[in-house]
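As structure tokens, the structure follows; a few thoughts come after it.
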Amino acid sequence: MTKKVLVTGGCGYIGSHTVRELQRQNYDVVVFDNLVKGHRAAVRDAPVIVGDLLKPDEIRAVFREHPDIAGVLHFAAYIEVGESMRNPGKYFHNNVQGCVNLLDAMAEAGVRYLVFSSSCAVYGTPDHVPVTEEESYKPESVYGASKRMAEEVMEWYDRLKGIRHTPLRYFNAAGASFDAQIGDAYKPATRILPSLFEYLLGQRDRFFINGNDYPTEDGTCIRDYIHVDDLATAHIAALNYLWNGGESMPFNLGTGRGSSNLEIVNMVREVTGIDFEVEIGPRRPGDATRIWADNTRARKVLGWTPRYGLREIVETDWRWHSTHPRGYHDLPQS
Ligand SMILES: NC(=O)c1ccc[n+]([C@@H]2O[C@H](COP(=O)([O-])OP(=O)(O)OC[C@H]3O[C@@H](n4cnc5c(N)ncnc54)[C@H](O)[C@@H]3O)[C@@H](O)[C@H]2O)c1
């Protein structure tokens, strides 16, 4: 029988790609999003309930209207590290209280399976690379702390209400759908690729790499970029793991390979065919030198394998940005 899945934040970047993958695999999908950052046009052919997790009645009503929801993918949150340091209350409120409200509504409705969008930001600057799930928690931003707090809240709801959950700790989400129909439309762009593409499309005057004096081969920081469609398949694998009786546990989602900022820039030159110069700016305080995932647990326990590397990430992201320079505003609005 077709299972129904609730996707909070399903109109956002990663949520919308996961909605598509759920539909491709014939799940029934309901999206819940307040559209503060998401776009209705990012979701086609699935019902979108416009509501706010900070309003407990609005999320409770979803479970009453859809008593057949079998599991929840929880993407809805604020995501900007810098903003979280300027406005901590906004992040603790939305990312932690929003999660509490969801868990209360799930407990009331008897829904016991939850896949949560966590982040490698819970580790801060890791003591070891590649980073395993056993790494200690040392978040260096309010954003990272809010993700870890939400995980702790879930651990209590597991003990007290039997809600089983898998925090998926993404490394750097990147890329877009291969048909360039949906992609990262977050404004202002904060991630390296969208920021660089805005520069190439003449939407920003300058593009900086933050520091080239790190102790790495080319002097720039190293991160693990994971294609958004690989994240989508991991969510569905995690939900099936829970439905099949799996215990609550976190999973790192990365490719297991790091790419330096200069490698990214060179791949962008190669894929776009545009020759451009980049400026080197100062280091950004709090940036770890190198971080990439040990994804062994997700491979073994979830049976998940990332399919795409840096080239596909850059190709799909460029195809999306170059055909939709104004994001979803370039599409007919419904
Ligand atoms: N993008 C990354 O590299 C990355 C890395 C690690 C973790 N994550 C996590 O993945 C999740 C999705 O990230 P994204 O990049 O797709 O962000 P996004 O901003 O594109 O999507 C978040 C969605 O949640 C919605 N939302 C926010 N608060 C809400 C609320 N109170 N009620 C209802 N809807 C609400 C927004 O409107 C948006 O559509 C987030 O939880 C984020 O912390 C992202």
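Each reported figure results from applying straightforward, stated rules to the coordinates on display, with no laboratory input. Nothing here was measured: the structure is a model prediction, and the numbers come from that model. Counting neighbours? That spans all protein chains shown, and the Cβs are built from the backbone with ideal geometry, glycine included.
Springs between alpha-carbon atoms under 10 Å, Gaussian network over the chain: tell me which of 224, 104, 179 tops the mean-square fluctuations.
With Cα springs under 10 Å in the chain, the top fluctuation among 224, 104, 179 is at 179.
When Lys and Arg each count +1 and Asp and Glu each count -1, what net charge do the other residues less than 13 Å away from residue 152, Cβ to Cβ, add up to?
Summing Lys/Arg as +1 and Asp/Glu as -1 gives 0.
What order do you get for 242, 103 when you list them from fewest to most C-beta neighbours inside 10 Å?
In increasing order of surrounding Cβ atoms, one gets 242, 103.
Grab the other residues whose beta carbon is less than 13 angstrom from that of residue 63, score K and R as +1, D and E as -1, and report the net.
Taking every other residue near residue 63 into account, the sum is -2.
Summing -39500 (n - 2.57) over the DSSP H runs of n ≥ 4 in the chain and dividing by its residue number, what mean residue ellipticity at 222 nm do you reach, to the nearest 500 deg cm²/dmol?
Value at 222 nm, helices only, nearest 500: -10500 deg cm²/dmol.
Give the long-range amide H neighbours of residue 71: residues separated by 5 or more places, or on another chain, with amide H under 5 Å away, using H modelled in the peptide plane at 1.01 Å from N.
6
If the limit is 27 Å between Cα atoms, which of 37/161; 4/90; 3/161; 4/55; 147/300 go over it?
Flagged as over cut-off: 37/161; 4/90.
Under the rule of at least 5 residues apart or a separate chain, name every residue whose amide H is placed under 5 Å from the amide H of residue 138.
Those qualifying (amide H under 5 Å, at least 5 residues apart or on another chain) are 123, 124.
Show me 202-214, 106-118, 282-294 ranked by packing, highest mean number of other Cβ atoms within 10 Å first.
Going by the mean number of other Cβ atoms within 10 Å, highest first, we get 106-118, 282-294, 202-214.
Under unit Cβ charges (Lys, Arg +1; Asp, Glu -1), what dipole magnitude, rounded to 20 debye, does region 1-134 have relative to its Cα centre?
The dipole magnitude comes to about 340 debye.
What net charge do the residues around residue 239 carry, taking every other residue with its C-beta under 11 Å from that of residue 239, with Lys and Arg at +1 and Asp and Glu at -1?
Around residue 239, the charge tally is +2.
Across region 143-158, in residue order, what do the Karplus-derived ³J(HN,Hα) couplings come to in whole Hz, using 6.51 cos²θ - 1.76 cosθ + 1.60 with θ = phi - 60° and x for Gly and Pro?
4, x, 5, 5, 5, 5, 4, 4, 4, 5, 4, 5, 4, 5, 5, 5
Can you list the GluC sites (Glu not before Pro) in region 197-305 that are in a DSSP coil and have 13 or fewer other beta carbons within 10 angstrom?
217, 247, 277
So if I take the centroid of the Cα atoms in region 1-30 and the same for region 218-297, what is the distance between those two points in Å?
22
Can you list the residues, at least 5 places off or on another chain, whose amide H is less than 5 Å from the amide H of residue 221, using H built in the peptide plane?
Here the answer is 261, since their amide H atoms fall under 5 Å of that of residue 221.
As I understand it, the dipole of region 123-209 uses +1 on the Cβ of Lys and Arg and -1 on the Cβ of Asp and Glu, about the Cα centre. Which of 125, 136, 175 lies farthest toward its positive end?
Going by the charge dipole, the pick is 175.
Does region 263-309 come out rounded, prolate or oblate by the C-alpha gyration tensor, with a ≥ b ≥ c the root eigenvalues, rounded set by a/c under 1.5 and, if not, prolate when a/b is larger than b/c and oblate if not?
Oblate is the answer for region 263-309, as a/c is 1.5 or above yet b/c matches or exceeds a/b.
Enumerate by residue number the chymotrypsin sites (Phe, Trp or Tyr not before Pro) in region 131-199 meeting two conditions: DSSP loop (anything except H, G, I, E, B), and at most 15 other Cβ atoms within 10 Å of the site's Cβ.
In loop regions of region 131-199 (DSSP not H, G, I, E or B), the sparsely surrounded chymotrypsin sites (Phe, Trp or Tyr not before Pro) are 137, 178.
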